[in-house]
Amino acid sequence: MFSRRDLGKLALGALPLPATAAKRINSDVHGVQFGLQSYVFSGIGLPQAGILDVVVKSMVESGLGECDLYAPLVEPAELWDRIRPAGAAGPGAAVPAEAAAARAQARAELAKWRTSISLDYFRAIRKKFEDAGIAIYGLSGFPGSTEEELSRTFDIAEALGARLVTLGITLSAARRIAPLADKRKFRVGIQGNPNMSAANPDAIARPENFEEAVSLSRNYWISLDIGDATGGGWVDCPEFVEAHHGRIALLYLKDRRKDRLSVPWGEGDTPVKEVVRLIGQRKYPIRCYIDCDYKTANRPADVKRSFDYAKAALG
């Protein structure tokens, strides 16, 4: 997706960053705290080496002072290449036994890496962001299948300075994780996979599923992707936000059409403006993170354009 010339322009050397901790970038707009879901820099043709420099540079140029760190950006790329399903099969599609075994092996290797890597590795990542005036507020990604690995996820989040771990999990996983979240007294954002047509009874997909999930722990909150919700058939995202604002920690803002295709903000069916205005007018303490995951030739420009769109919506 990116040419060699594009990658050169995105290199950190094009924008020298301070060597010491910088003043925190203020991305609060009329009382609404904005940030970036760094997931948007995955899967667009950028090599993992140096990817955090590109994320930091984009955030500095856009004026975003917070982010949700997408864990696969800082974990071994070759393991994630093996974990991610190959081809165009969607969620829930049958996976051949051999491919499933290979993915399970890669997950086991990732678990070993997570539980053995020094936490200083993550403290150095935190310093990189803080030196640019950026706080890592959240950590999102695969939670792990064992209590040891999940506990380590919280350790990693603390080393990064994060205050929220967002997990796209099922109800059964939410029940399993709740005691540890309570023990660690760490806020967990339940992302689920909002889809009004979901057939899996264990899925956190409909509004009532999110309500059931957060009832499992006082440390469970909602991290809703309003673009996924729109593509999944949700009728009224603003209504959900208004009804549940007391348990929503974070909203991922992206624009999707009802056929689930992500598009530049303003071109889809997601009520991005309405949701942002609602939060601003009601002064809800809900963070709003830029998530523009459509195909692109210049993701930093997409991030800046999306943030400008949100600011314009607030006047």
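Mind giving me the nanometre distance, one decimal, between the label points for residue 282 and residue 267, set 7 Å out from Cα along Cα→Cβ?
The answer from the label model is 3.0 nm.
Let me have the 222 nm mean residue ellipticity of the chain computed from DSSP H runs of 4+ only, each contributing -39500 (n - 2.57), with the sum over all residues rounded to the nearest 500. Mind dumping the intermediate values first?
Numbers: 12 runs with 134 residues, N = 315.
So the calculated ellipticity at 222 nm is -13000 deg cm²/dmol.
Using a Gaussian network for the chain with springs between C-alpha atoms less than 10 Å apart, which of these wobbles most: 249, 229, 301?
Of the options given, 301 has the highest mean-square fluctuation.
From the residues 309, 79, 207, which one has its Cα farthest along the dipole of the chain in the positive direction, the dipole being from +1 and -1 charges on Cβ of Lys/Arg and Asp/Glu about the Cα centre?
My answer, from the dipole projection, is 309.
In which sequence would 185, 128 go, from the one with the fewest C-beta neighbours within 10 Å to the one with the most? Don't skip to the answer; put the middle values down first.
Values: 185 9, 128 17.
Result, fewest neighbours first: 185, 128.
Near the amide H of residue 248, under 5 Å away, which other amide H atoms are found, from residues 5 or more places off or on another chain, if H is placed in the peptide plane?
222
Each residue of region 294-299 in turn: what ³J(HN,Hα) in whole Hz from Karplus with 6.51, -1.76, 1.60 and θ = phi - 60°, glycine and Pro shown as x?
3J(HN,Hα) across region 294-299, in whole Hz: 6, 4, 8, 10, 7, 4.
Please find, in a Gaussian network model of the chain (springs between Cα atoms separated by less than 10 Å), the residue of 292, 237, 67 whose mean-square fluctuation is greatest.
237
What FRET efficiency comes out for residue 245 versus residue 212 if R0 is 25 angstrom and r is the Cβ-Cβ distance? Round to the nearest 0.05. Please report the intermediate quantities before stating the final value.
Values: r = 18 Å, r/R0 = 0.72.
Between residue 245 and residue 212 the formula returns 0.90.
Determine, for 80, 265, the number of other Cβ atoms within 10 Å of each Cβ, and report the residues in order from fewest to most. Display every interim value, and only then the final one.
Values: 80 19, 265 25.
So the ranking, lowest neighbour count to highest, is 80, 265.
Label residue 112 and residue 95 with points 7 Å out from Cα along Cα→Cβ: what is the distance between them in nm?
1.9
Starting from the Cα-Cα distance between residue 127 and residue 148, subtract it from 0.36 nm times their residue separation and give me the gain in nm to one decimal.
Details: separation 21, 0.36 × 21 = 7.56 nm, distance 2.59 nm.
Computed gain between residue 127 and residue 148 is 5.0 nm.
Could you work out the pair-distance distribution P(r) of region 96-198 from its alpha-carbon pairs, with 5 angstrom bin width and percents rounded to whole numbers?
2, 11, 19, 21, 19, 14, 8, 4, 1, 0
Work out the P(r) tail for the chain: percent of alpha carbon pairs separated by more than 29 Å, whole number.
Cα-Cα pairs of the chain separated by over 29 Å account for 35 percent.
What area, in nm² and to one decimal, does the C-alpha convex hull of region 190-285 cast on average over all directions? Walk me through the numbers on the way to the answer.
Values: hull surface 23.3 nm².
That works out to 5.8 nm².
Relative contact order for the chain: what percent, with Cα pairs under 8 Å and sequence separation of 6 or more? Could you put the intermediate results ahead of the total?
Values: 548 pairs, mean separation 57.0, N = 315.
Dividing the mean separation by the residue count of the chain yields 18 percent.
Any read-out appearing in this document is the output of simple, stated calculations on the displayed coordinates, not a laboratory observation. Everything numeric in this text was worked out from a predicted model, so none of it was measured. Note that each Cβ is placed from the backbone with ideal geometry, even for glycine, and that neighbours are counted across all protein chains shown.
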